Amino acid sequence: MKKRRILIFVVLLTCALTASAQKVYQVNRLVDSVLAVRYYRSNIDTAYVERPQTKWTLKGRINVTGAGIAAEGLDNGTPFKTELDANRKTTLSIGVSYLGLGVNLSINPAKMLGEYHDYEIGFRSYGKRLGYELTYQDASNFQGWSEWNGDKQRVTTTEDMFRLQTVNANGYFVFNHRRFSYPAAFAHSYIQRRSAGSALLAISGQWQRGKVKGEEQGPDNERETMNFKMLNVGLGAGYGYNYVPGHNWQLHISALPTLIVYSHTSITMNDQRIPLHYQFPEVIITGRAAIVKQIGSNMFAGFSSVYNFSKIGTENDLTIRNEKWLTRLYFGVRL
């Protein structure tokens, strides 16, 4: 009797596990089917652009990023100019995507070793019609030079002297998305087979907050402190082109200039407000370039770069320029 009960229990357990496994298998097949329909139904001109027939893509990348800020103007009639560049950051990343949905993991060896404490994070999505980039940087380690009334000297900052937080954002809309592919150059979820270009609509935004502390002076060791906040939004249009010079090669270049249509700035020196006047045209520009080489049927390698530039203010009072750039070397395999 006891053996019979054990046998019945084993049979029921086996049936339950089999039914559960079948349900999981059916759900996985349904999800895979939905993703496949979404992936391959792209409304593209396949004479110019095509989807890879594989489902999985693995990528390894070396990323190098940099940023710079420059200020130029007059202080009570005395000309000054400062240009500073943040320490470059090199990261290694690996990524995996399945039918266009992917995740990436990046590590920064220098930061892990404690060489500096700057922080940066980015989100990017390159779609055939719509795409965006959003980056945040918190940096204190800058090097450069400063010139005051013709006297030029080197400058190196620390967290105690200078801190700059920056958010850069931009988005695009592609008109000729059936023949021109942004993701072929940057996401590699498409392959550009013939040369094509497209007009683009663009929106850009930049938020920035900084704090500068001068050297201690006076009997109370007081330090001059400057705080500034900026928010700029730009609208514009541009053009992108994918050039296919030969079999399995693609060269991409695009420019998205935008005019600043909204700007709000607050600059204070020891609680005294410093004006920053508007001068047309004030701009935010995003430029991109890429080289892609298809290797065999399921491998690819290349280089890509994204550059952001902004300029606000007047040279007779105060002008502030910002630069942000990213370059990548990558290798990928489609499975």
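Throughout, read-outs are computed from the coordinates displayed, never taken from laboratory work. Note that the structure is predicted; figures quoted are calculated from it, not measured. Here the Cβ is made from the backbone with ideal geometry for all residues, glycine too, and neighbour counts use every protein chain on show.
General observations
- A convex hull fitted to the Cα coordinates of the stretch 262-304 yields 154 cubic angstrom per residue.
- As a rough footprinting exposure proxy, the listed residues H188, H177, H247 were ranked by other beta carbons within 10 Å of their own, and the order from fewest upward is H247, H177, H188.
- Residues whose amide H comes within less than 5 Å of that of V155, counting only those at least five positions distant or on another chain, are G144, W145, S146 (H built at 1.01 Å from N in the peptide plane).
- Here's the picture: a label point sits 7 Å out from the Cα of Q279 along the beta-carbon direction, and within the stretch 292-322 the residues with their amide nitrogen under 17 Å of it are 310-322.
- Relative contact order (percent, whole number), the stretch 42-334, Cα cutoff 8 Å, 6+ residue spacing: 19 percent
- Charged-residue dipole, Cβ positions (Lys, Arg, Asp, Glu), the stretch 47-145 about Cα centre, Debye nearest 20: 800 debye
- Peptide ranges 119-131, 309-321 listed from the most packed, as the mean C-beta count within 10 angstrom indicates: 309-321, 119-131
- On full extension, the segment bounded by Y132 and Y241 gains 37.5 nm, given 0.36 nm per residue less the C-alpha separation.
- Largest-first principal axis extents of the Cα set of the stretch 261-335 (Å): 63, 27, 19
- Chymotrypsin sites (Phe, Trp or Tyr not before Pro) within the stretch 247-308: DSSP coil, no more than 13 neighbouring Cβ in 10 Å: Y278
- Ranked by how many other beta carbons lie within 10 Å on average, peptides 290-299, 70-79 from highest: 290-299, 70-79
- Label-point separation in nm, L259 to K213, each point 7 Å along Cα→Cβ: 4.3 nm
- Using equal-weight Cα scatterers in the Debye expression, the normalised intensity of the stretch 42-334 in log10 at q = 0.13, 0.17 Å⁻¹ is -0.94, -1.36.
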